[in-house]
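Working notes, beginning with the structure itself.
The values are calculated or read from the model by the stated rules, or taken from the named source; none is laboratory data. These numbers come from a predicted model, not from an experiment. Cβ placement follows ideal geometry from the backbone for every residue including glycine, while neighbour counts extend to all protein chains displayed. SASA here: full protein model, heavy atoms, side chains in, ligands and nucleic acids out. Shrake-Rupley method; radii C 1.70, N 1.55, O 1.52, S 1.80 Å.
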Amino acid sequence: MDWTLVLVGLALGAVVGWVIARLFTEKVMPPVAPPAPRPQPPVVSDPPELAWIARGNTALGVWLRRSARGNVVGVTDPAVPEAVKNAIAGRLATMAAASVGRTEVERIEEGVIVYIASDDVQLAILLPPKQPFVQAQRDLEGFVGLLRTREMLELASQKPAGSGETVSSVAIRLAMEIEQILDAEVAVAVRRPRGAQVIGASVRADPHLHRVIAVPGSAVDLAVNGEINGMVMAYDPLGVLPPDRRLRERRAFVTPILSRGGQLGAVVVWPPSGLEPTGPARVELEQALRRAGPRFEDAMQRLDLVEQAVRDPLTGLRNRRGMTEAMGAIETERGTLICFDLDRFKSLNDTLGHPAGDAALQTVAGILEELVRDGDTAARVGGEEFAVWLPEATLEEGLAVAERIRFRIETAQWEWQGRHWPMAASFGVASWPETTRHRDNLLAQADAALYKAKEHGRNRVEKAVKA
């Protein structure tokens with residue numbers, strides 16, 4: 001047998017068979033085109049991390065809103081309906097007017113939305129249906145921390161060390177220096193009108209510490225007011241943790257910041273070991289504190305001189321001039337002004353005395369400081385009259401803020417020398433451009449709405465009539 005002819009025949013048969021099979025397959029089962037890749041969200045330059053988060057989570061979109069700016073930026077798959085985009089933007093604006101530190105998950109037909117609100121930042125991410133959201137939530141939380149770190153670094157670099165520094169930049173520089181020395185979380189508090197207040201923190205510290213006021217009698221409060229002369233250990237140095245909080249197990253040490261005129265601040269350090277520093281690390285810490293003391297004193301003297309003209313000495317809030325400056329300082333395309341005063345305040349003064357009236361005004365100022373966000377401005381503009389300026393806020397958001405303040409005042413359970421006195425306030429809310437075409441008209445409109453609230457029974461919120 002000629003094996004060469006056999007092999008050639010087999011080869012020809014294989015080729016003919018392959019051709020016939022290919023023709024049959026193309027006629028009976030035409031080739032399936034590969035699925036078109038889903039369009040990737042476009043890259044934006046401010047900030048580019050949004051695109052990274054979107055791609056890393058195969059998200060349909062990521063949105064960012066900052067309360068101080070009001071606008072929403074993001075990266076979005078073109079397939080996301082416009083109605084969904086608008087609904088997400090509206091929800092972010094609503095969260096901006098609410099309390100911070102919130103995380104919400106919403107399931108819609110298009111997918112799963114995770115919302116996060118923290119300080120001045122609101123974020124949302126839209127994931128495909130049935131996709132787990134835990135990693136996306138962690139990415140958003142990490143992004144909030146990144147923004148906070150970036151803001152601290154920018155603030156710390158605004159002024160060179162030495163003449164012209166701000167109190168905040170000195171505090172942040174010191175916190176970051178001590179973090180490098182001790183490999184620890186650090187917060188810095190100084191004496192402010194309403195008490196010992198945290199004004200700077202290191203990169204690793206809890207961002208929610210920013211602007212926290214230490215509870216009277218806490219280690220930080222005692223250190224800032226000169227009642228502690230050296231380093232002390234504390235489980236709750238600011239006095240702000242609930243009794244069952246596990247963080248009470250984390251020991252911190254508190255050390256005062258000294259200046260030529262005495263003690264004016266304190267540093268809180270959460271070391272990994274929970275122990276006081278020793279040896280070279282302690283020497284470096286003490287040197288950093290000595291260098292920072294005079295700088296703090298100079299910066300605070302400059303701040304006090306500036307604020308004397310725009311601050312109300314009784315409440316620590318801005319005065320009428322300070323409110324006017326704040327309303328004109330920020331470039332914005334919209335904003336809402338809330339005006340309110342305490343109902344029957346003259347009766348309180350006549351019955352309990354003027355010291356009681358002053359204490360009531362300070363209580364209201366404390367409520368405003370707690371509820372008003374960074375970027376907004378609260379002021380005492382008259383005897384018992386207050387105002388709150390909300391740049392970039394809509395009329396609806398302003399009404400919600402006003403109602404929240406009204407409720408807190410009504411339920412404050414305020415008393416003077418053991419005598420309970422019910423407090424209440426009447427509110428007027430005006431918004432530009434929703435109720436007026438000119439920002440300069442907001443004060444007159446809000447005042448008119450306030451008096452309308454008085455006429456309709458007090459302890460209520462009224463909105464301005466559109467002019």
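Rolling a 1.4 angstrom probe over the protein heavy atoms with all chains in place gives the stretch 359-467 an accessible area of 46 Å² per residue.
Is the stretch 366-426 rounded, prolate or oblate when judged by the Cα gyration tensor, a ≥ b ≥ c being the square roots of its eigenvalues, rounded requiring a/c under 1.5 and prolate requiring a/b larger than b/c? Cα axes put the stretch 366-426 in the prolate bin. Under the rule a/c < 1.5 gives rounded, and otherwise a/b versus b/c splits prolate from oblate, where does the stretch 314-467 land using the Cα gyration tensor? Prolate, since a/c reaches 1.5 and a/b exceeds b/c.
Working from label points 7 Å from Cα in the Cα-to-Cβ sense, the R211 to R107 distance is 3.6 nm. Put simply, the convex hull of the Cα atoms in the stretch 211-294 casts, on average, a shadow of 5.9 nm². Subtracting the Cα-Cα distance of R321 and R250 from 0.36 nm times their residue separation leaves 21.1 nm of extension gain.
For P294, what is the net charge nearby, where nearby means another residue's Cβ is under 12 Å from its Cβ and Lys, Arg count +1, Asp, Glu -1?
So the surrounding residues net to +1.
Under the combined filter of DSSP loop state and at most 12 neighbouring Cβ atoms within 10 Å, the stretch 222-320 retains these trypsin sites (Lys or Arg not before Pro): R245, R260.
On a per residue basis, the stretch 246-285 carries 52 Å² of accessible surface, using protein heavy atoms and a 1.4 Å probe. The heavy atoms of D440 present about 140 square angstrom of accessible area, all protein chains included, probe 1.4 Å.
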